[in-house]
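Structure, as C-alpha cells:
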Amino acid sequence: MDNSLDVATVLTDIREYWGREAIAILWQRQLVSGYPDGTFRPEQALNRAEFAAIAYRIFSPTLSPDLAPIPGGNPLASAEFEVTFADVPPQHWAYRTIGWGVSQGIFAGYGDGMFRPDLPITRVQALIVLVSGLRLGQAPSGPGLLEVLFADADEIPTYGREAIAIASQNRLVVNYPDLRYLRPNHPVTRGEMAGFVVQALQIPNVVPQEYIVGTVWLDTLVAGEMVELDRLKTHPGLIHQIQTRLQLLGLYLATIDGQYGPRTEAAIAQFSQFVQLPPAPILDSSFATALLTTSPADLKLERGRDRSAVFQFFLAQEQGRSPGNLAFLDRGVEQSPYRAQIVAFPDRLKEVPNGLDLVSSSLPPNWTLPPYPAVGDRPAINESGLDFLHDDIQQACVCVATRVNGQLLTHWMGRQAMQPIELWSTTKLVPILNLLSQSNSQFPAIDIDECQIRQQGSAGGFSVHELAKDIMSYRHKIGTSNAIAAMLKQFETPIGLEQWLQSITGHTDLIFRGRYGELPFLSHPELWHPQTGQILLSGRPITKWQDNTIATYDLTRLVSMVGWHLHLPQAARLPGIQWSSLESVVRAMGHDAARYAEVAIAHLGLDTVIRSPVMLSKLGNGRSSIRDRAEIAYTALIQLVDKRSNPTGKPAMLHTMAMTLLAAKDYGNYQQESTELDARMAAEVTELVRRLVQNQWD
C-alpha cells in the first residue's frame with residue numbers, strides 16, 4: 001500500500017513528486033516536517049542549518065538508536081557546545097544542532113570562522129555528511145569508478161571524490177531524473193534529501209530502483225542477490241568492481257572501464273575455472289565470495305606453473321625495446337618499489353627464525369642438506385636438479401638454504417655449474433670483495449664506509465660505497481662501471497686475485513685475470529681513511545691482462561657468502577671481512593640495474609603477502625664474438641618472509657636462495673636475441689622464486 005498518498009493529504013504538494021514515498025516515510029518517523037501552509041516544498045533548496053538539524057535527527061543515539069554509531073549518549077541532552085562561529089549566535093534556532101554536528105566531525109565551518117547556516121548545501125556536501133555520520137570506511141573502489149558511474153564525474157570536487165565513491169558503493173546516491181548525472185555542485189533539494197536519508201537508513205523498496213546508483217555490488221551478491229550475465233552490462237559499478245578484482249588477480253589486463261565485453265567475459269570464465277565454479281549464466285554468492293576472498297598470490301602462483309604463458313607475458317613487455325633499453329635488465333632502481341627499503345637490507349639479513357611466529361623453509365624431505373661448506377671446500381652439486389630450467393639457460397647454479405637447530409643447511413643444484421665461462425659484469429663482485437678482505441684483514445676496526453679511493457698524491461677521493469653503487473647501477477655518477485671495476489682489480493695482482501678466488505670457492509679451474517673493456521678509472525689508486533689519514537692499500541698498474549672465465553658455482557658461492565655472512569660459522573665466511581664493511585656491499589648490490597627478482601615477486605602476486613624482502617644482484621650481458629651469440633648473466637641472493645600462513649595460525653616462513661644463471665641465444669640478430677633473453681631470464685627467475693615459496697622442486 002502506498003502510504004504516501006495518505007501523507008499527501010497533509011503535505012499537499014508531494015502527490016505527483018517522484019520521491020513522495022521517501023518524504024512520507026520520513027514524515028511518519030518525524031524526521032522531517034512540512035510548512036504551516038500544508039506543503040513540503042520538495043524542490044526547495046536545503047540550507048546548511050536545516051541539514052544540520054536533519055543530521056542530528058538521523059544520527060542521534062536517542063532518536064535513532066539502531067543506526068547511530070556516535071558514542072556517548074544524547075549529547076544535546078547532557079552538554080552544551082562551544083559554537084564559535086560568528087554567524088551562529090546562541091539565539092540561532094540551530095545553534096545546538098550545529099554545535100553537535102561540528103563536535104562529532106560531521107560538519108565543519110569555513111576558514112574565515114563562519115558557518116554560513118543559510119548557504120544552500122550542495123549534493124556532494126550532503127553525501128559527505130551522511131558518509132561521515134555513518135562512519136563508513138574507505139571505499140575499495142579501484143581507479144576510475146566515479147567516471148564509470150557518472151557522466152559528470154569531472155565536476156566532483158577533489159575533497160568529495162572518496163566520499164562519493166563510498167556513498168555509491170553503499171547505495172546512498174539517488175539521481176533523478178538521470179541516473180548518470182550526479183550534479184554534485186547543485187544545491188540539494190528537500191525532496192532529494194529525503195531520498196538520500198531513506199537510503200542511509202536502509203529502508204528498502206522506497207526509492208525507485210531506477211534512480212539508485214549502484215544497486216548491485218559484490219557484497220549484495222554475497223548477501224544473496226544474483227545477476228544474469230546477459231544483464232551484467234546494466235551494472236557498470238559491479239563490472240568495475242569485478243574488473244578491479246580480476247586485474248588484481250592478474251586475469252584482466254585491459255582498462256578498467258565498467259563495460260562488459262569479451263575480455264571481461266573471458267576473465268570471469270578463467271576465474272570461475274580456477275576456483276572450480278561450474279560455468280553458469282548467473283553471478284551469485286559463490287562467485288562473489290570467491291572473487292573477494294581469493295588471494296592474488298595463491299592464484300598467481302598457480303598460474304605461474306604455465307611457463308609458456310609467463311614467458312609470453314614478459315616477452316610482450318619487450319615490444320619496442322633494444323639492447324641498452326631492455327625491459328628488465330635495464331629497468332634500473334629509480335622506479336623500484338623497493339628502492340627506499342634498500343637501506344634496511346643489512347638488518348633484514350640478520351633475521352633468524354624463532355620457531356614461533358617465523359620458521360625457516362621446509363625443503364623436500366628427499367634432499368641431502370649438509371651444512372654450508374667451509375672456505376675452500378666444494379659442495380656436492382646435483383647436476384640434474386635444474387633440469388626444469390629452459391634450454392636457453394646454458395649454465396646455472398642455485399643454492400637453497402634453511403636453518404635447522406641454529407645451523408645453516410644447504411642444497412646445491414646446477415647445470416654445468418663448474419664449467420668456466422665468461423660471465424660478463426657479474427664478476428665485478430669479486431674485486432669489490434677482495435678489496436674488503438684485504439682492508440679488513442689489516443684494519444678490522446675501520447669501516448669501509450669511512451674510506452675513499454683516490455689517485456696517489458691527490459688531496460681527496462671518492463667514497464668506496466658510492467663507487468660500488470656506480471658499478472652495480474650503471475648510473476655513471478662518478479665513473480663507468482667498467483672503469484671502476486678495472487681500477488679495483490689493481491689492488492691485487494691478477495694471479496693473486498685469481499688465487500684468492502680459487503681459495504674461497506675451491507674451484508681451481510677458473511681464470512680471473514681480465515679487465516672490463518676500459519682503462520682503470522684511476523691509474524694509481526689508493527684506499528685512504530680520511531679520518532686518520534692512513535693509506536690502507538695501494539694499487540698498481542697492470543700491464544698484462546688475460547681472461548675472466550669462472551663458473552656459475554663460483555658466483556653463487558660468493559653471493560651466498562655475502563647474504564648469509566651472519567649465519568655462517570667463521571670457517572665458512574669470506575676471509576677477514578667484517579659485517580660492518582660487508583653491509584656496505586649489501587646496500588650497493590640492492591641498486592643493481594637488473595630487476596629480475598622484484599619482477600618475479602610482483603608477477604607471482606607475492607608483493608602483497610611478503611615482508612622484509614632482500615634482493616642483492618649483479619647483472620652482466622653482451623654479445624660474444626667467440627661464441628657468436630648474445631648472453632645475459634645474473635647472480636642474485638633473494639630472501640623474503642612469506643606471511644600467508646599467518647591467517648591459519650601457522651607461522652610465517654623465511655625463504656632464501658642464491659643463484660647464478662647464464663642465458664644465451666644465437667639467432668644472428670642481436671636485438672632479437674637480447675629481447676628474448678631478457679624475457680627468458682625474467683621467466684626463469686620467476687620460476688625459481690615460485691618453486692622456492694611453494695617448495696616444489698621436483
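Where a number appears in this text, it was derived from the coordinates with a stated rule and is not lab data. Because the structure is predicted, anything quoted here is derived from the model rather than measured. Neighbour counts run over all protein chains shown; Cβ positions are idealised from the backbone, glycine included.
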(request) Go through the stretch 294-305 residue by residue and turn each phi into a ³J(HN,Hα) via Karplus (6.51, -1.76, 1.60, θ = phi - 60°); whole Hz please, and just put x for glycine and proline. (result) 5, 6, x, 5, 4, 5, 5, 5, 5, 5, x, 5
(message) For a quick check of your reading of the filter: which GluC sites (Glu not before Pro) in the stretch 276-335 sit in a DSSP loop and have no more than 15 other Cβ atoms within 10 Å?
(response) GLU334
(request) Rounded to the nearest 500, what is the 222 nm mean residue ellipticity of the chain from helices alone, with -39500 (n - 2.57) per DSSP H run of 4+ residues and division by all residues? (result) -10000 deg cm²/dmol
(request) Compute the acute angle (0 to 90°) between the alpha-carbon long axis of helix 464-473 and the principal axis of greatest extent of the alpha-carbon atoms of the chain; round to the nearest 10°. (result) 70 degrees
(request) Would you mind computing, in nm to one decimal, how far apart the modelled labels at ASN185 and GLN319 are, each placed 7 Å from Cα along Cα→Cβ? (result) 3.8 nm
(request) Give a residue-ordered list of calculated ³J(HN,Hα) values for the stretch 679-692 (Karplus: 6.51 cos²θ - 1.76 cosθ + 1.60, θ = phi - 60°; whole Hz; x for Gly, Pro). (result) 5, 5, 4, 4, 5, 6, 5, 4, 5, 5, 5, 4, 5, 4
(request) Consider a paramagnetic label point 7 Å from the Cα of ALA309 along Cα→Cβ; state which residues of the stretch 251-283 have an amide N under 16 Å from it. (result) 251-254, 263-277
(request) Report, in degrees rounded to the nearest 10, the 0 to 90 angle that the Cα long axis of helix 48-59 makes with the longest principal axis of the chain. (result) 80 degrees
(request) Note the full-extension length gain between LYS650 and THR608 as 0.36 nm times their separation in residues minus their Cα-Cα distance, in nm to one decimal. (result) 13.3 nm
(message) Quick check on my link table: of LYS300/LYS618; LYS618/LYS650; LYS489/LYS544, which ones sit more than 23 Å apart, alpha carbon to alpha carbon?
(response) LYS300/LYS618; LYS618/LYS650
(request) Match the structure shown to one of the listed values (i) 16, 35, 25, 19, 5, 0; (ii) 17, 47, 28, 8, 0; (iii) 15, 31, 24, 16, 8, 4, 1, 0, 0 of P(r) over Cα pairs in 20 Å bins from 0, in percent, computed from it, and give that label. (result) (i)
(request) Note the angle between two axes, namely the Cα long axis of helix 307-316 and the longest principal axis of the Cα atoms of the chain, as a number of degrees from 0 to 90, rounded to the nearest 10. (result) 80 degrees
(message) Suppose every Lys and Arg Cβ carries +1 and every Asp and Glu Cβ carries -1, with no other charges. What dipole size does the stretch 494-553 come out with about its Cα centre, to the nearest 20 debye?
(response) 120 debye
(request) Let me know the Rg and Dmax you get for the stretch 254-389 when you use only its Cα atoms, in Å. (result) 22.0, 66
(request) Can you pull the one-decimal nm distance between simple spin-label points at LEU229 and LEU566, each 7 Å off the Cα toward Cβ? (result) 5.3 nm
(message) In whole Hz and in residue order, list the ³J(HN,Hα) couplings for the stretch 568-576 that follow from phi through the Karplus curve 6.51 cos²θ - 1.76 cosθ + 1.60, θ = phi - 60°; x for Gly and Pro.
(response) 9, x, 4, 5, 9, 8, 4, x, x
(message) What number do you get for the stretch 425-548 when its Cα radius of gyration is normalised by 2.2 N^0.38 Å, N = residues?
(response) 1.00
(message) Give me the one-decimal nm value for the distance between modelled label points at GLN672 and GLN531, 7 Å along each residue's Cα-to-Cβ direction.
(response) 5.8 nm
(message) I'd like the trypsin sites (Lys or Arg not before Pro) in the stretch 476-571 restricted to DSSP loop residues with at most 12 other Cβ atoms within 10 Å, sorted by number.
(response) LYS477, LYS544
(message) If you average the C-alpha positions of the stretch 314-328 and of the stretch 340-407 separately, how far apart do those two centres end up, in angstrom?
(response) 30 Å
(request) Take every Cα pair under 8 Å in the chain that's 6+ residues apart, average their separations, divide by the length, and report that relative contact order as a whole percent. (result) 12 percent
